[in-house]
């Protein structure tokens, strides 16, 4: 993945400052910002997808095999939108 | 009688079983691909990045983006990183629409010379409310007048949030910002009303103009698809709640979007070829106080100011409903 800014030499910079690797911001883990963590209860969950649709960080994804939604805690910033919007109250925020 | 009771109990147990066995069904009409990757540095609970996510999901991979400076540019591309998985260019505040016009003309020429395959490529220009209503206004007006086939999306969080909440011409009356603070001189904070950008865009006579909100994501995606289909410029104005600048709790961004629509502060409507149409019409508008409650930027408002705002909002809403109904009858 891309090196951090202070390790890049000027010879390595593309003309015009073009970034050639799409979506490389994923190597920056925003999960460190989190102070609260969502706790998910698969039994109460009604699988309505609302948390997936409303997540601004694209941190929630479905796991069809185990029939649950999984959180990617590398990116979840702990905003609590999923917990607040969940119609079945299957998600609770707790201190991380 | 007894059999009836047992029947009921059987159906009840069946219902309970089916409830237990809820399985994740793939979503219809909601693509799974992400075009703005995780790892972007938006504030916690940002509804603006959510709006961008839904817009890009609706358009799909064949898109070229031109983005004015603003929150969405700052959070997605701190050098040497980028969150975008689609071709994307960052330009200055004032010329998102101008650069998008150039991209459109350039792609047209390349297609004509057969340098690139002849497939439909959507050009998406995007700006915040500062980049659209204040600084990028003349470029946008020019783009709409020349009739380029571009979707211009304004993600409106009602102030210059990324530089520290300065007022823009899209800031609503009564909101306090760092450059329009509420105090003795200006008891309301922002003393002017929000610029009606959608009406201005519609007055250019462009084929499609609409307002949207990420809370109503189906409506938002439908509008983007419609804008993609029309031949000519289209303008979509998206209200995106900013928990940092509006001073609301992090988890309430979606709820405030809903309240903005239901109180009539931000009605959802579209103007298609000059025909106005209301997309969501609540039976009865909620009082604006419900929308103001809990927002730190409206904390200073007293009853007289609230009543003044309520009057204006009701008048605007009535005028909009009247316009839409008149167009319906035609």
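The values are calculated or read from the model by the stated rules, or taken from the named source; none is laboratory data. Because the structure is a prediction, the values reported are computed rather than measured. Because the Cβ atoms are built from the backbone with ideal geometry, glycine has one as well, and the counts that use them run over all protein chains shown.
Below are the figures for this structure:
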| read-out | value |
| --- | --- |
| Near pairs, Cβ below 8 angstrom, 6+ apart or cross-chain, from segment B:50-75 (without any contact (Cβ under 8 Å) to a residue 12 or more places away in the chain) to any residue that is part of a helix (DSSP H, G or I) and crowded, with 21+ Cβ neighbours inside 10 Å | none |
| Filtered residues of segment A:60-73 (kept if farther than 15 Å from residue B:38 by Cα and either loosely packed, with under 14 Cβ neighbours inside 10 Å or free of Cβ contacts under 8 Å to residues at least 24 places away in the same chain (or both)) | A:62, A:63, A:64, A:65, A:66 |
| Those residues of segment A:66-87 which are part of a loop (DSSP other than H, G, I, E, B) and closer than 16 Å to residue B:251 by Cβ, in sequence order | A:76, A:77, A:78, A:79, A:80, A:86, A:87 |
| Filter result for residue A:76 (more than 7 Å from chain B (Cβ to nearest Cβ), crowded, with 22+ Cβ neighbours inside 10 Å and within 25 Å of residue B:81 (Cα to Cα)) | yes |
| Test: residue in segment A:48-61 that is over 14 Å from the mean Cα position of the chain (by Cα) and part of a loop (DSSP other than H, G, I, E, B) | yes |
| Hits in segment B:207-231 (condition: within 16 Å of residue B:152 (Cβ to Cβ) and surrounded by 23 or more Cβ atoms within 10 Å (Cβ to Cβ)) | B:208, B:209, B:210, B:211, B:212, B:220, B:223, B:224, B:227 |
| Counted residues, segment B:115-138 - those being in a loop (DSSP other than H, G, I, E, B) and either touching a residue at least 40 places away in the same chain (Cβ under 8 Å) or in contact with a helix residue (DSSP H, G or I) (Cβ under 6 Å, 6 or more places away or on another chain) (or both) | 7 |
| Qualifying residue in segment B:151-165 (condition: more than 15 Å from residue B:71 (Cα to Cα), buried (at least 19 other Cβ atoms within 10 Å of the Cβ) and modelled with pLDDT of 90 or more) | yes |
| Evaluation of residue A:70 against (1) closer than 22 Å to residue B:47 by Cβ; (2) under 12 Å from the mean Cα position of the chain (by Cα) (one fails), failing number | (1) |
| Considering residues of segment B:44-77 that are assigned to a loop (DSSP other than H, G, I, E, B) and more than 8 Å from chain A (Cβ to nearest Cβ) only, the residue nearest to residue B:222 (Cα to Cα) | B:60 |
| Helices (runs of 4 or more DSSP H) (entirely within segment B:139-253) containing at least 3 residues that are farther than 25 Å from residue B:319 by Cα | B:217-229, B:243-246 |
| Residue in segment B:269-286 that is part of a helix (DSSP H, G or I) and buried (at least 16 other Cβ atoms within 10 Å of the Cβ) present | no |
| Residue within segment A:51-59 that is out of contact with any strand residue (DSSP E or B) (no Cβ under 9 Å at 6 or more places or on another chain) and loosely packed, with under 12 Cβ neighbours inside 10 Å present | no |
| Hey, residue B:65 farther than 28 Å from residue B:249 by Cα and crowded, with 22+ Cβ neighbours inside 10 Å or not | yes |
| Residue check, residue A:11 more than 22 Å from residue B:240 (Cβ to Cβ), more than 8 Å from every other protein chain (Cβ to nearest Cβ) and surrounded by 12 or more Cβ atoms within 10 Å (Cβ to Cβ) | no |
| Which listed residue is in contact (Cβ under 8 Å) with a residue 24 or more places away in the chain, touching a helix residue (DSSP H, G or I) at 6+ places or on another chain (Cβ under 6 Å) and more than 23 Å from residue B:49 (Cβ to Cβ), from B:220, B:278 | B:278 |
| Residue match in segment A:20-31 (condition: in contact with a strand residue (DSSP E or B) (Cβ under 7 Å, 6 or more places away or on another chain) and under 28 Å from residue B:256 (Cα atoms)) | no |
| Residues located in segment A:27-47, provided they are outside any loop (DSSP other than H, G, I, E, B) and either in contact (Cβ under 8 Å) with a residue 24 or more places away in the chain or under 27 Å from residue B:218 (Cα atoms) (or both) | A:27, A:30, A:31, A:33, A:36, A:37, A:38, A:39, A:40 |
| Residue list for segment A:30-56, filter: out of contact with any helix residue (DSSP H, G or I) (no Cβ under 7 Å at 6 or more places or on another chain) and facing chain B (nearest Cβ under 7 Å) | A:30, A:33, A:46, A:47, A:49 |
| Breaking point among (1) under 23 Å from residue B:54 (Cα atoms); (2) modelled with pLDDT of 90 or more; (3) within 9 Å of chain B (Cβ to nearest Cβ), for residue A:70 | (3) |
